[in-house]
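> What follows is a structure written as structure tokens; I'll ask about it next.
The values are calculated or read from the model by the stated rules, or taken from the named source; none is laboratory data. What you are looking at is a predicted structure, and each value in this text was computed from that prediction instead of being measured. A quick note on method: Cβ atoms are made from the backbone with ideal geometry, for glycine too, and the neighbour counts reach across all protein chains shown.
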Amino acid sequence: MKDTFKQFGIAIAGSGSATPTATLDNDQLSQLVDTSDEWITTRTGIRMRHVATPEETLGQLAARAGRDAIAMANLSPEDIDLIVLATSTPDDLFGSAAKIQGEIGATRAVAFDLTAACSGFVFGMVTAAQFIRTGVYRNVLLIGADILSRWVDWDDRATCILFGDGAGAVVMRAREDRDRLLGFSLHSNGQKNHTLNLSQQAESRGLLTGLEVGRGQYRPITMNGREVYRFAVDKVPEVISKALYHAHLTTDAIDWLLLHQANQRIMDSVAERLEIPTEKVISNLAKYGNTSAASIPLALDEAVREGKIKAGDRIAVSGFGAGLTWGAAIFEWGI
Ligand code: COA
């Protein structure tokens, strides 16, 4: 007879990241729109961002990040069972994960895209965890990648200053003796969907008399910055507290607070509300801007490679953004 049902634990075993070579700093942006380095730095903390050229693809960035994460985990691409690509900006609306699977040679893996905007990485981590916990898959490559420069209105100074392009990845592995994913909490509120959109533009195309279909195209990002700001400083401390509650931990047990890199003022305010000292807050926003689903794994990978985050360190991550969606996860770094 088969064993009774068994739950597996999770380890976050490796990370990787990639950004395009070209950069755009605040002074260069002020040649495009009526803004200044001083305004952007004071209101957001962003100094520059990386932007993809038309030839660079999301798949290339994601594959680079994914390969590095697999190498850090001491695995080869053939060991990967599942690839989850969190993105809102795929190269192909049918999905980009399968192409990345082919590109990195993860021949055994099933691959799919997951869309939850800037919460995509946290939602992806929890999704991947369900496959591991139930024993379905042992090695999962989770990638967060976005090229928002393709979708920004470069004439709108209220939004174009915020975003940048990049990719980050982690390898999540099954463990039988311990579980390093300690708690999580996920939320959505579609009633506030209008506050941040990258939506299909309704333009009709007549096919036959009396029959019209929509033409596939999207309008650039629209946002109510103040509402999104208020949403973030309100919901992020709450969702982290919920994840900590599920982990049976309090904030003083956290070594690092790693929030979606949207705005330094949001990060400072969340840390203050949770009474987490600023030395524990990981921030690389100044160099990359808001890279959406990539921002958490990009900052994680940098901090790991700099030797800042060490094996066993406890990290609280939280993503928030369009949907509206928000979520948090508490995990320990390393196998
Ligand atoms: N440069 C100079 N002035 C700017 C500007 C820019 N880039 N963008 C807006 N302004 C102006 C506005 O026109 C407004 O001028 P007015 O007072 O003459 O009308 C003034 O600055 C204040 O605008 P406001 O939108 O109230 O600024 P803010 O303090 O709320 O800061 C954001 C704007 C976008 C930085 C801030 O709201 C924010 O970060 N929100 C969260 C956005 C976010 O993180 N989104 C992604 C989530 S995943």
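> Of the residues G45, G59, G14, which single one is over 26 Å from I161 (Cα atoms) and of a type outside the set (S, T, N, Q)?
Numbers: G45 fails: over 26 Å from I161 (Cα atoms); G59 fails: over 26 Å from I161 (Cα atoms).
The match here is G14.
> Quick one: how many residues across segment 22-45 are within 9 Å of the ligand (Cβ to nearest atom), among the aliphatic types (A, V, I, L, M) and under 23 Å from the mean Cα position of the chain (by Cα)?
Going through segment 22-45 one residue at a time, the tally reaches 1.
> Of all residues in segment 210-229, count the ones that are more than 8 Å from the ligand (Cβ to nearest atom) and either among the aromatic types (F, W, Y) or in contact with a Pro (Cβ under 8 Å, 6 or more places away or on another chain) (or both).
Qualifying residue count for the region: 1.
> Also: Testing S318 on (1) over 22 Å from L182 (Cβ atoms); (2) under 15 Å from the mean Cα position of the chain (by Cα); (3) outside any helix (DSSP H, G or I), one condition comes back false. Which one is that?
(1)
> Hey, another quick one. Here are R173, R180, R133: which of them is among the basic types (K, R) and surrounded by fewer than 19 Cβ atoms within 10 Å (Cβ to Cβ)?
Matching residue, one of R173, R180, R133: R133.
> In segment 1-51, what residues are assigned to a strand (DSSP E or B) and β-branched (V, I, T)? First the steps, then the outcome.
As a first pass, look at segment 1-51 and keep what is assigned to a strand (DSSP E or B): 9-18, 23-25, 48-50.
Result: I10, I12, T23.
> Might you check whether a residue that is surrounded by 12 or more Cβ atoms within 10 Å (Cβ to Cβ), modelled with pLDDT of 95 or more and closer than 30 Å to D177 by Cβ occurs anywhere in segment 20-40?
Taking every residue of segment 20-40 in turn, none turns out to be surrounded by 12 or more Cβ atoms within 10 Å (Cβ to Cβ), modelled with pLDDT of 95 or more and closer than 30 Å to D177 by Cβ.
> Here is a further query. If I filter segment 9-19 down to residues being surrounded by 18 or more Cβ atoms within 10 Å (Cβ to Cβ) and among the small types (G, A, S), which single residue comes out as nearest to the ligand (Cβ to nearest atom)?
Among residues in segment 9-19 that are surrounded by 18 or more Cβ atoms within 10 Å (Cβ to Cβ) and among the small types (G, A, S), the one nearest to the ligand (Cβ to nearest atom) is S17.
> Taking A286, is it assigned to a helix (DSSP H, G or I) and more than 12 Å from the ligand (Cβ to nearest atom)?
Taking the combined requirement at face value, the residue satisfies it.
> Here is a follow-up. Tell me, which residue of segment 297-315 that is under 17 Å from the mean Cα position of the chain (by Cα) and among the β-branched types (V, I, T) is farthest from Q261 (Cα to Cα)? Don't jump to the end; show me each part of the working.
Filtering segment 297-315 for residues under 17 Å from the mean Cα position of the chain (by Cα) gives 297-304, 315.
If we keep only those that are among the β-branched types (V, I, T) too, we end up with 304, 315.
Values: V304: 17, I315: 15 Å.
Of everything passing the filter in segment 297-315, V304 is farthest from Q261 (Cα to Cα).
> Among the residues of segment 46-55, how many are without any contact (Cβ under 8 Å) to a residue 60 or more places away in the chain and either within 16 Å of the ligand (Cβ to nearest atom) or surrounded by 20 or more Cβ atoms within 10 Å (Cβ to Cβ) (or both)?
The number of residues fulfilling the criteria is 0.
> I'm trying to understand the selection: among the residues of segment 231-245, which are free of Cβ contacts under 8 Å to residues at least 60 places away in the same chain and over 11 Å from G183 (Cβ atoms)?
Within segment 231-245, V233, D234, P237, E238 meet the criteria.
> Which condition does A243 not pass, out of (1) touching a Gly at 6+ places or on another chain (Cβ under 6 Å); (2) surrounded by fewer than 20 Cβ atoms within 10 Å (Cβ to Cβ), if it passes all the others?
Against the list (1) touching a Gly at 6+ places or on another chain (Cβ under 6 Å); (2) surrounded by fewer than 20 Cβ atoms within 10 Å (Cβ to Cβ), A243 comes up short only on (2).
> Does I296 fit the bill of being within 12 Å of the ligand (Cβ to nearest atom), β-branched (V, I, T) and not in a loop (DSSP other than H, G, I, E, B)?
So I296 passes the test.
> Restricting the search to segment 138-181, which residues are more than 15 Å from T53 (Cα to Cα) and among the charged types (D, E, K, R)?
R138, D153, D155, D156, R157, R173, R175, E176, D177, R178, D179, R180, listed by residue number.
> Those residues that are among the aliphatic types (A, V, I, L, M) and touching a Lys or Arg at 6+ places or on another chain (Cβ under 8 Å), I need them from segment 220-255; list them, please. Before you say what the answer is, go through the steps one by one.
First pass over segment 220-255, keeping only residues among the aliphatic types (A, V, I, L, M): 221, 223, 228, 232-233, 236, 239-240, 243-244, 247, 249, 253-254.
Hits for segment 220-255 are V233, L249, A253, I254.
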